[in-house]
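In what follows, a single structure is set out as structure tokens and then discussed.
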Amino acid sequence: MQRLQLERVSLHDSKRGDYQHTKKVIEQLILLGEMDRAVQLLLETELENPNYYTDAIKYDLNHLQYFCHTVLY
């Protein structure tokens, strides 16, 4: 089931057009545990985008979560 969902998200990822579509793909990737790809998409946010600051914070939080999980476990 998860594999099918990942394939579906990959298809949506390849057809991203605007920021809202990208945001939906990021949310789906996070729900599926695909943090590396989600973070990569967050980092692709253009500096001029009004959501740049928010996405940078999300990146930092995801990075911190990964670091803590790696160190603590």
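For a test of the definition: using alpha carbon positions, the gyration tensor, and the 1.5 limit on a/c, classify region 2-72 as rounded, prolate or oblate.
On the way: a/c = 2.88, a/b = 1.08, b/c = 2.66.
Judged from the Cα gyration tensor, region 2-72 comes out oblate (a/c at least 1.5, b/c at or above a/b).
Taking 0.36 nm per residue of separation and subtracting the Cα-Cα distance, what length does fully extending Thr54 through Gln40 add?
Gain on stretching Thr54 to Gln40: 3.6 nm.
Going 7 Å from the Cα of Leu47 along its beta-carbon direction, which residues of region 9-33 have the amide nitrogen within less than 16 Å of the resulting point?
Zone members listed by number: none at all.
Residues with beta-carbon under 13 Å from that of Gly33, excluding Gly33: net charge, scoring Lys, Arg +1 and Asp, Glu -1?
Taking every other residue near Gly33 into account, the sum is -1.
Thr54: net charge of surrounding residues, Cβ under 12 Å, Lys/Arg +1, Asp/Glu -1, itself excluded? Intermediate values should be presented prior to the final figure.
Values: positive: Lys23, Lys58; negative: Asp55, Asp60.
Result for the neighbourhood of Thr54: 0.
Need one number: nm distance between label points at Leu11 and Lys24, each 7 Å from Cα along Cα→Cβ, rounded to one decimal.
My value for the distance between the label points is 1.3 nm.
FYI, it's all coordinate maths here, none of it is from the lab. These numbers were taken from a predicted model, which means no experiment stands behind them. For neighbour counting, all protein chains shown are included, and Cβ atoms are generated from backbone atoms with ideal geometry for every residue, glycine included.
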